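Each remark here refers to the structure printed beneath this line.
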Amino acid sequence: MTSVVDEVVGTIINSHETKQPIEFIRHRYTLDEETAYLVQEKLIHQKCASKNTEVAGYKISMTSAETQAIANTDEPAYGTLLSTHILHSGESISLSSMFAPLIEPEIMFVLTDDLSPGASEDEIIKKSKICAGIEIPDARYIDWFPNFSLSDLLCDNTATGLVVLAEPIEPFSIKAFEQIKMELFHDGEKISEGLSSAVLGNPVSSVAWLARKLAKKNKTLKKDMIISSGTFISPLVAKEGTYKVSYSDIGEVEVTFVQ
């Protein structure tokens with residue numbers, strides 16, 4: 001199995017470096033969840049070693065029943081954020097530098113202390129700040145969304161592209177996290193809206209899921225890590241122009257796409 005893992009990692013690394021999208025991994029390999037996560041770990045290890053980057057946190061994918069159904073699973077999945085994936089509100093991105101990026105409005109958690117293994121919602125709130133965010137998923141596969149399988153997604157680091165963060169603020173009570181309203185604008189025109197309850201019922205519960213999932217792998221969430229907690233809406237295809245997301249009681253974040 002080690003040779004298969006190395007082959008898949010090599011295929012994905014080559015796609016990143018050549019900027020050439022590839023067929024889905026499932027067309028050549030049958031991988032279970034554990035093996036696909038192992039591919040992700042080795043992929044991240046190689047990127048950290050060769051690109052002078054480091055793990056900056058995690059992103060949580062498939063936090064709605066609809067997206068879980070696409071991948072035929074009953075729980076979310078996680079990907080690993082690197083320091084090179086992090087942008088700040090107001091920055092610009094070249095569409096030509098990406099494959100097929102999407103837009104996902106998400107609340108970001110920034111940890112102010114290490115979390116204990118499998119941390120509770122209460123502990124997460126006590127040890128976090130939050131900020132308005134946008135995740136920009138981007139996969140290395142041909143015609144990837146919504147045609148991926150779970151193994152495809154996990155092998156390619158759950159389609160991690162970039163995340164955009166505004167300034168962090170102090171968090172709310174657990175109940176208040178269920179009631180956050182989101183509005184998404186493109187070049188000043190409102191194109192979508194949503195509620196935080198779409199994220200596993202509560203974005204804090206999404207982070208708690210991640211803490212439990214990592215604990216099974218003897219991993220914990222560390223101080224200063226960023227967690228992208230899950231999208232309020234179904235992803236939208238990113239287009240040229242400026243996207244602004246406004247969250248009630250949290251603030252705004254924006255990013256501009258250029259050719």
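When the Kirkwood hydrodynamic radius is evaluated over all pairs of different C-alpha atoms of the chain, what value in angstrom, to one decimal, is obtained?
Result for the chain stands at 18.3 Å.
Just need the relative contact order of region 122-252 here, percent rounded to a whole number, with Cα pairs under 8 Å and 6+ apart.
Contact order relative to length: 31 percent.
Work out from phi, with θ = phi - 60° and the Karplus expression 6.51 cos²θ - 1.76 cosθ + 1.60, the ³J(HN,Hα) of each residue of region 113-130, listed in order in whole Hz, and give x for Gly and Pro.
Each residue's phi maps through the Karplus curve to give 7, 5, 9, 6, x, x, 4, 7, 4, 4, 5, 4, 5, 5, 10, 9, 10, 10 Hz.
Given the peptides 246-257, 170-181, arrange them by the average over their residues of other C-beta atoms within 10 Å, most packed first.
Answer by packing, highest mean first, reads 246-257, 170-181.
Measure out, as a whole number of angstrom, how far apart the alpha-carbon centroids of region 33-93 and region 187-259 sit.
13
At a Förster distance of 41 Å, what's the computed FRET efficiency of residue 258 paired with residue 116, Cβ-Cβ distance as r, to 0.05?
The formula returns an efficiency of 0.45 here.
Could you give the length gained on full extension between residue 193 and residue 222, defined as 0.36 nm per residue of separation minus the Cα-Cα distance, in nm?
7.3 nm
Calculate, in nm to one decimal, what residue 86 and residue 74 gain on full extension: separation in residues at 0.36 nm each, minus their alpha carbon distance.
Taking 0.36 nm per residue and subtracting the Cα distance, the gain is 1.5 nm.
Given the -39500 (n - 2.57) contribution per DSSP H run of 4+ residues, what per-residue ellipticity at 222 nm results for the chain, rounded to the nearest 500 deg cm²/dmol?
-7500 deg cm²/dmol
So what J values fall out for region 239-251 if you push phi through Karplus, 6.51 cos²θ - 1.76 cosθ + 1.60 with θ = phi - 60°, rounded to Hz, Gly and Pro as x?
These are the phi-based 3J(HN,Hα) values: 10, 4, x, 9, 9, 10, 10, 10, 10, 4, 6, 10, x Hz.
Can you sort 83, 64 from fewest to most other Cβ atoms within 10 Å of each residue's own Cβ?
If I rank by nearby Cβ atoms, fewest first, I get 83, 64.
Given the pairs 19/51; 47/216; 190/239; 51/239; 129/222, which span a C-alpha to C-alpha distance of over 19 angstrom in this model?
Result: 47/216; 51/239 exceed 19 Å.
Residue 75's amide H: which non-local residues (gap 5+, or another chain) put their own amide H closer than 5 Å, with H modeled 1.01 Å from N in plane and none for Pro or chain starts?
none
Using Cα pairs closer than 8 Å and at least 6 residues apart in sequence, work out the relative contact order for the chain, in percent.
The normalised contact order for the chain reaches 27 percent.
A short reminder: the numbers here are calculations on the coordinates, not readings from a lab. Bear in mind that the values here come from a model prediction, so they are computed numbers and not experimental data. Every residue, glycine among them, receives a Cβ derived from its backbone with ideal geometry; neighbour counts consider all protein chains shown.
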